[in-house]
Amino acid sequence: IERATIFHHDGIIEKDILSQEILENEQSHEDLFIDKGVGLNEIKKQAIEKLEMRIIIEGLQRTNWNKTECAKLLKVSRGDLMRKIARYKITTPK
């Protein structure tokens, strides 16, 4: 959650911006596995990145994919949001 809290300017993710699915942590942990040569730090990094991506998608869905409004909702700059969207290869649904 370390990185997700950094995602906000004040370091706090408000519970009201998260979907019920995220709050209930329905995400399967099957994709997080211990493999030879993969340590706890790498597993933690992957988990945080997946959570951050899910939060961004949730924000985009709530704002009807309006990136400016999503950035305001998530309390980040539009530029930061755009970089994260590109990094995670998030695309608008057709």
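The values are calculated or read from the model by the stated rules, or taken from the named source; none is laboratory data. Because the structure is predicted, anything quoted here is derived from the model rather than measured. Ideal geometry is used to build each Cβ from the backbone, glycine not excepted, and the neighbour counts take in all protein chains shown. Quick note on the areas: whole protein, heavy atoms, side chains included, nothing else; ligands and nucleic acids left out. Shrake-Rupley method; radii C 1.70, N 1.55, O 1.52, S 1.80 Å.
Gain on full extension, evaluated as 0.36 nm per residue between E42 and M82 minus their Cα-Cα distance, stands at 12.0 nm. Taken along the Cα-to-beta-carbon direction at a fixed 7 Å, the label points for T68 and T91 span 2.6 nm. At a probe radius of 1.4 angstrom, the accessible area of segment 38-94 per residue rounds to 62 square angstrom.
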